[in-house]
1. Hey, if you put +1 on the Cβ of every Lys and Arg and -1 on every Asp and Glu Cβ in the range 230-412, which of Met369, Phe254, His391 ends up farthest toward the positive end of that dipole?
2. Contact order normalised by length for the chain, with contacts defined as Cα pairs under 8 Å and 6 or more residues apart; what percent is it?
3. Add +1 for every Lys or Arg and -1 for every Asp or Glu among the other residues with Cβ under 14 Å from the Cβ of Leu188, and state the total.
4. Measure nothing fancy, just the Cα-based angle from helix 17-26's long axis to the longest principal axis of the chain, in degrees from 0 to 90, nearest 10.
5. Give me the percent relative contact order of the range 230-412, please, defined on Cα pairs under 8 angstrom at least 6 residues apart.
6. Take the alpha-carbon centre of the range 373-405, take the same for the range 69-87, and report the distance between them in whole Å.
7. Give the range of the longest stretch in the chain that excludes all trypsin sites (Lys or Arg not before Pro) found in loop regions by DSSP and having at most 16 other beta-carbon atoms within 10 Å.
8. When Lys and Arg each count +1 and Asp and Glu each count -1, what net charge do the other residues less than 11 Å away from Glu334, Cβ to Cβ, add up to?
Amino acid sequence: MTYVPGDSIGVRCPNNPDVVAYFVRRLGIATDDLHIRCTVQSIKKNAASKSSGSSSNLPTRSLFQLLTHHYDLEAQVKKSTLRALATYCDVDSTDQRALLYLSSKDGPLHFQNFVESQRLSVVDILRLFPACRPPLASVLSLLPTLSPRYYSLASSPLSSQPHKVHIAFTIVEYDLPVVQGGTTTSRLLRRRGLCTSWLHALARPLLHPQTTPVNAAVAVQIPIFHHPTKDFTLPANPSYPLILIGPGTGVTPFVGFLQHRQLQRLKHVDDSESCGTWRGNHAVELVEHAFELGQIDLFFGCRHRHQDFLFQRHLDSFIHEGVLTHLHVAASREQAKHYVQHDVAEHGAAVYDLVARQGGYVYVCGDGMHMAKDVHAALVQVFVEHGHMTHQEAEVAWKDLALRQRYVRDIWG
């Protein structure tokens, strides 16, 4: 796989075997039927005519393979799905009335409190509403397909083992309140991330070899594919300063950035093809033969320095070798609600100097729901305070930097 720093891989994970087994039992699918070869037909609407369309067939698979690898059995249900499932309940039964009410214009609050707050899936609905008895084909038509999960690469193609890549992931686990009769109870429902829990299960024998039976072969196969980035790439000229902002697993691509700069300096490589925006429509600057590494500041965030400081050994090594100039760590549980945006504000003068005066690049990676917005607000305020701009002028300045790909974000959520 040929990649550049900033790229990611897509992971295709299967459904939880226990969930698949329940789905099979609940719909009364015979064991022999699981081996029936099926073809899934995808209908794509023609933009020129809503009435016509094109169809494409996916490779033939067994029903069991489709339930395991194709359909997303744990995706949160939509109102339209509840309305469809209501038609397969006994007429005017309690279950039918409840499903119709949840999916109606009169029941949005109940839909939010009951379905959204518990992230209920089709499997959950089938479990909670036993009078709902839909045929298999109808249920499959309501299910979305499993989407790949993307993970940034924490490695450089210049490494001694370019065929190996490194990723990091957080094991997603969270508790949701159980709702009964429209009332939130004190009971909690444990939810787990589909892909991260699967990856953790695969990695457990490798992480804890003492629990693996003697002579047991640990063969792990994970379906992946290369997912190139559009613009989350290093500038071709290594002398430009970099400001990297990535709490939690958001630091992952920056480890790849730093390793790449480290190896470039070590090998004196003019590696413009692995940097810059060469895959886009923008010009790539020429790299001088005399390798000069610009200042690199990293703003990292975690809860506890001694518990979830990801890549600490690597980052300390980059500091020791002079690749990473400054490492700012915001430990939110050690300092009262202190996050990366607060460190950005505290070092605002240096941030402004690196970006506005020295032509630096700013990269942000991580949660897009909260962190990225808070960091952006902090960066805007830095320009207001240290660039003597109005808030509107600062926003325009950062928008211009983004257009010139000097302010790049890889965010999710």
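1. Of Met369, Phe254, His391, it is Met369.
2. Contact order relative to length: 16 percent.
3. Net charge in that neighbourhood comes out at +3.
4. With both axes taken from Cα atoms, the answer is about 20 degrees.
5. 27 percent
6. Centre-to-centre (Cα) distance: 43 Å.
7. After excluding every exposed loop site, the longest remaining stretch is 338-403.
8. +4
Read the figures in this text as sums done on the coordinates, not as results from a lab. Owing to the predicted nature of the structure, the values given are computational and were not obtained by experimental measurement. With ideal geometry, Cβ positions are generated from the backbone for all residues, glycine too; neighbour counts draw on all protein chains shown.
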